[in-house]
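The values are calculated or read from the model by the stated rules, or taken from the named source; none is laboratory data. Everything numeric here is computed off the predicted structure, so don't read it as measured data. Quick reminder, even Gly has a Cβ in these numbers, built from the backbone with ideal geometry, and neighbours come from all protein chains shown. Ligands, DNA and RNA are excluded from the accessible area calculation, which covers all protein heavy atoms including side chains. Shrake-Rupley method; radii C 1.70, N 1.55, O 1.52, S 1.80 Å.
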Amino acid sequence: MTSVDSGSRALRPPRTGRSHGQWAVDGREPLNPNETFKAQDNGLNVRERIEQTYALEGFDSIPGDDLHGRFRWWGLYTQRKPGIDGGRTAQLEPHELEDTFFMLRVRTDGQVLSPEQLRVLGGISTDFARESADISDRQNIQYHWIAIESVPEVWRRLEAVGLQTTEACGDTPRGFLGSPVAGVAADEIIDPTPVIREITSRWLGDTELSNLPRKFKTAITGHPSLDVVHEINDVSLVGVVHPELGPGFDLWVGGALSTAPRLAERLGVFVSEADAPDVWHGVISIFRDYGYRRMRTKARLKFLLAEWGPEKFRQVLETEYLGRALPDGPAPAPAKGPGDHIGVHAQKDGRFYVGTAPVVGRISGTILTRLGDLVERVGGDGVRLTAHQKLVILGIPQDGVEELVAGIEELGLTATPSPFRRSTMACTGIEYCKLAIVDTKDTATAVIAELEQRLAGIELDTPISLHVNGCPNSCARIQTADIGLKGLITTNDAGDNVPGFQVHLGGGLASPERDEAGLGRTVRGLRVLATDLADYVERITRRFLEQRVDGESFATWAHRVDDEELT
């Protein structure tokens with residue numbers, strides 16, 4: 001399996017002959033304001049000030065470097081002030097865009113959320129977050145409307161049941177993606193749970209890793225569906241079977257999207273379960289020591305990999321950080337089955353797991369609380385979140401499956417979603433995000449409802465993925481969707497500035513429909529008004545179904561046909 005298409009190699013490394021802010025090369029002198037505030041005080045230290053000062057004295061007592069910087073180390077961002085249209089996003093300063101309330105991100109790191117934990121998460125939403133709770137495509141829960149005065153109590157409730165917001169944001173090791181069916185799937189290659197637990201217990205909150213050049217994203221899976229979008233993470237461990245050494249992991253590094261997308265590359269090594277924590281630590285340490293810190297726009301690991309290449313990266317990892325060579329290893333087999341795990345599936349212990357689909361990841365405190373009660377009532381183990389804004393309910397006894405499936409329908413979830421409900425994702429959007437230009441959640445929800453009516457009865461052997469993003473930063477992974485939509489302001493026929501989208505077509509990650517990941521294409525000049533989005537998706541879907549050849553996927557078709565067929 002190859003890892004990169006031609007469009008993902010276009011990153012330019014920084015020019016030579018000048019300092020890039022690499023600690024191991026250039027020293028630690030801060031070269032921009034972000035590096036300066038991090039050098040002055042570690043972001044983890046802000047928690048004490050939140051609990052002892054800001055929560056008591058209120059929002060106006062928070063200085064800028066903490067509010068716009070260090071708060072992120074504990075999962076806190078100020079949210080967007082209501083009523084500011086997308087045309088003003090780039091015109092206003094952060095303090096003019098921000099409200100006095102926060103988004104708070106809770107990381108799950110691939111763990112099973114027990115009924116008790118679900119009720120705690122639900123109670124926090126109800127009591128402090130105006131019922132908000134979104135499932136992100138990083139397997140996080142995101143609250144909104146959190147007041148600074150409430151944060152200490154929220155932390156107390158989370159930590160009492162083993163949950164946390166530590167390093168959920170900031171220049172840190174962000175939340176880990178783990179297989180939603182780890183440890184239970186009958187076809188699992190290796191259970192990654194012990195590896196994730198070992199890494200997070202040893203290094204989450206470690207001050208040696210809490211000042212990285214920028215964010216660092218991890219994905220670990222042992223399932224043959226390749227269910228953690230490993231090609232777009234800074235480091236990924238993917239389950240494989242070595243012909244001599246048995247089950248373990250294949251190592252990928254340097255993936256990320258945003259405005260300069262790059263797919264990860266294999267280093268070609270085999271990583272045993274025992275070696276996996278040290279290998280992860282070696283990769284993140286390379287990023288800490290050699291990552292570019294002079295310019296924030298060049299500060300992700302993908303830029304270092306673009307300069308070094310996988311061969312040098314492997315050499316530095318083995319010689320400078322591990323002190324030993326790693327064995328060569330096989331690539332993952334082609335993906336087997338969908339990675340969202342929707343539907344009812346048998347576990348290896350005779351019980352069942354049930355993959356369910358909320359609409360674009362949006363749930364609520366009431367739903368979380370009632371879901372916890374339902375899982376407990378039918379004798380289930382708990383819930384894992386997915387990298388596709390879904391939930392998988394685990395450990396359901398056979399005699400409880402029917403009650404569970406009926407119960408989640410009453411909650412607005414479903415194990416049998418329509419193709420577009422199943423395959424549509426949306427980022428936070430202008431409702432809360434200070435970077436957003438257009439609405440995403442409500443727009444996507446309305447489009448799904450329209451398509452369910454307009455395309456009722458039309459068979460899609462594989463759902464067409466629709467990813468809706470409120471700005472160019474690709475939190476909803478627009479370049480790796482069949483139809484990816486990047487929010488912008490465009491003009492309608494009357495010449496008015498209105499919300500719209502640039503369209504990316506034919507992207508995707510490894511799946512049963514494609515052996516390798518690839519980025520979508522854009523059609524010059526193609527912009528779709530937000531009000532016309534359902535019309536466009538319906539039109540392009542019908543055109544695909546009319547023109548496809550036997551077995552052809554949407555992505556293959558979208559890259560094959562001429563531009564005019566895609567408008």
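Within segment 498-521, the set of residues being open to solvent by 60 Å² or more (accessible area, probe 1.4 Å) and either at pLDDT below 95 or among the small types (Gly, Ala, Ser) (or both) comprises PRO512, GLU513, ASP515, GLU516. Every listed requirement among (1) open to solvent by 20 Å² or more (accessible area, probe 1.4 Å); (2) touching a residue at least 40 places away in the same chain (Cβ under 8 Å); (3) more than 23 Å from MET295 (Cα to Cα) is met by LEU44 save one, (3). Please name all residue pairs, on different chains or six or more residues apart, with Cβ atoms under 8 Å, provided the first residue is in segment 535-552 and is closer than 11 Å to THR567 by Cα and the second residue is in a helix (DSSP H, G or I) and of a type outside the set (Phe, Trp, Tyr). That search, which allows pairs on different chains as well, returns VAL537/VAL447; VAL537/LEU451; ILE540/LEU566; ARG543/GLU565. For ASP442, the conditions (1) open to solvent by less than 40 Å² (accessible area, probe 1.4 Å); (2) within 26 Å of GLU98 (Cα to Cα) are fulfilled apart from (1).
Looking only at segment 454-466, decide whether some residue is assigned to a helix (DSSP H, G or I) and either without any contact (Cβ under 8 Å) to a residue 24 or more places away in the chain or farther than 27 Å from SER258 by Cβ (or both). Yes, segment 454-466 contains at least one residue that is assigned to a helix (DSSP H, G or I) and either without any contact (Cβ under 8 Å) to a residue 24 or more places away in the chain or farther than 27 Å from SER258 by Cβ (or both). When we screen LEU121, LEU113 for residues that are over 21 Å from THR428 (Cα atoms) and either at pLDDT below 95 or within 22 Å of the chain's Cα centre (by Cα) (or both), the only hit is LEU113.
Could you figure out which of (1) crowded, with 24+ Cβ neighbours inside 10 Å; (2) assigned to a helix (DSSP H, G or I) isn't true of PRO194? Unmet for PRO194, out of (1) crowded, with 24+ Cβ neighbours inside 10 Å; (2) assigned to a helix (DSSP H, G or I): (1).
Of all the criteria given as (1) within 22 Å of the chain's Cα centre (by Cα); (2) closer than 25 Å to PHE128 by Cβ, the one not satisfied by GLU376 is (1). Restricting GLU320, GLU409 to residues that are in a helix (DSSP H, G or I) and either more than 27 Å from THR108 (Cα to Cα) or at pLDDT below 95 (or both) narrows the list to GLU320.
Residues are listed down the side, and each one gets a yes or a no for (1) farther than 14 Å from LEU322 by Cα; (2) open to solvent by 20 Å² or more (accessible area, probe 1.4 Å); (3) modelled with pLDDT of 95 or more:
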{"site": "LEU263", "(1), (2), (3)": "yes, no, yes"}
{"site": "ASP278", "(1), (2), (3)": "no, yes, yes"}
{"site": "ILE286", "(1), (2), (3)": "no, no, yes"}
{"site": "GLY291", "(1), (2), (3)": "yes, no, yes"}
{"site": "ARG294", "(1), (2), (3)": "yes, yes, yes"}
{"site": "LYS302", "(1), (2), (3)": "yes, no, yes"}
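Of all residues in segment 507-526, those that are free of Cβ contacts under 8 Å to residues at least 24 places away in the same chain have Cβ atoms under 7 Å from Cβ atoms of residues that are open to solvent by 10 Å² or more (accessible area, probe 1.4 Å), 6 or more apart or on another chain, in THR522/GLN502; THR522/HIS504. Against the numbered list (1) touching a Lys or Arg at 6+ places or on another chain (Cβ under 9 Å); (2) under 18 Å from GLN347 (Cα atoms); (3) surrounded by fewer than 20 Cβ atoms within 10 Å (Cβ to Cβ), ASP373 comes up short only at (2). Please tell me if LEU374 is in contact with a strand residue (DSSP E or B) (Cβ under 8 Å, 6 or more places away or on another chain) and either modelled with pLDDT under 95 or assigned to a helix (DSSP H, G or I) (or both). Answer is no for this residue. Checking each residue in segment 317-348 for being surrounded by fewer than 16 Cβ atoms within 10 Å (Cβ to Cβ) and within 30 Å of ALA444 (Cβ to Cβ) picks out PRO334, LYS336. Picking from residues in segment 378-398 that are over 11 Å from SER179 (Cα atoms) and of a type in the set (Gly, Ala, Ser), the one that is surrounded by the most Cβ atoms within 10 Å (Cβ to Cβ) is GLY380. Please go through segment 87-99 and pick out each residue that is closer than 17 Å to PHE501 by Cα and touching a strand residue (DSSP E or B) at 6+ places or on another chain (Cβ under 6 Å). Within segment 87-99, just GLY87 meets the criteria.
Checked across segment 225-236, the condition of being touching a Pro at 6+ places or on another chain (Cβ under 7 Å), closer than 27 Å to LYS38 by Cα and not polar (S, T, N, Q) holds for no residue. Screening VAL4 with (1) modelled with pLDDT under 95; (2) open to solvent by 60 Å² or more (accessible area, probe 1.4 Å); (3) on the phi < 0 side of the Ramachandran plot gives one miss only, at (2).
Quick grid of which residues meet (1) of a type outside the set (Ser, Thr, Tyr); (2) part of a helix (DSSP H, G or I); (3) under 28 Å from the mean Cα position of the chain (by Cα):
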{"position": "PRO499", "(1), (2), (3)": "yes, no, yes"}
{"position": "VAL503", "(1), (2), (3)": "yes, no, yes"}
{"position": "ALA534", "(1), (2), (3)": "yes, yes, yes"}
{"position": "GLU546", "(1), (2), (3)": "yes, yes, no"}
{"position": "GLY551", "(1), (2), (3)": "yes, no, no"}
{"position": "THR556", "(1), (2), (3)": "no, yes, yes"}
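Under the condition of being under 11 Å from ARG384 (Cα atoms), in contact with a helix residue (DSSP H, G or I) (Cβ under 9 Å, 6 or more places away or on another chain) and buried (at least 21 other Cβ atoms within 10 Å of the Cβ), the residues counted in segment 113-140 number 2.
Restricting attention to segment 181-188, does a residue exist that is free of Cβ contacts under 8 Å to residues at least 24 places away in the same chain and surrounded by fewer than 24 Cβ atoms within 10 Å (Cβ to Cβ)? Yes, there is a match, as at least one residue in segment 181-188 is free of Cβ contacts under 8 Å to residues at least 24 places away in the same chain and surrounded by fewer than 24 Cβ atoms within 10 Å (Cβ to Cβ). For segment 17-38, a residue qualifies if it is part of a helix (DSSP H, G or I) and open to solvent by 70 Å² or more (accessible area, probe 1.4 Å), and the qualifying residues are VAL25, PRO33. Screening segment 83-175 for strands (runs of 3 or more DSSP E) wholly inside it with 1 or more residues that are under 30 Å from GLY291 (Cα atoms) and charged (D, E, K, R) returns the ranges 98-106.
In segment 80-93, the residues that are closer than 15 Å to ASP439 by Cβ reach residues that are open to solvent by less than 80 Å² (accessible area, probe 1.4 Å) and β-branched (Val, Ile, Thr) with C-beta atoms within less than 7 angstrom, at least six apart or across chains, in these pairs: ARG80/ILE430; GLY86/ILE430; GLY86/ILE437; GLY86/VAL438; GLY86/ILE489; GLY87/ILE489; THR89/ILE437. Here ARG351 clears all of (1) open to solvent by 60 Å² or more (accessible area, probe 1.4 Å); (2) under 26 Å from the mean Cα position of the chain (by Cα) except the condition numbered (2).
Comparison of GLY222, GLY178, GLY254, GLY205 shows that the only residue that is at pLDDT 95 or above, touching an Asp or Glu at 6+ places or on another chain (Cβ under 7 Å), small (Gly, Ala, Ser) and open to solvent by 10 Å² or more (accessible area, probe 1.4 Å) is GLY205.
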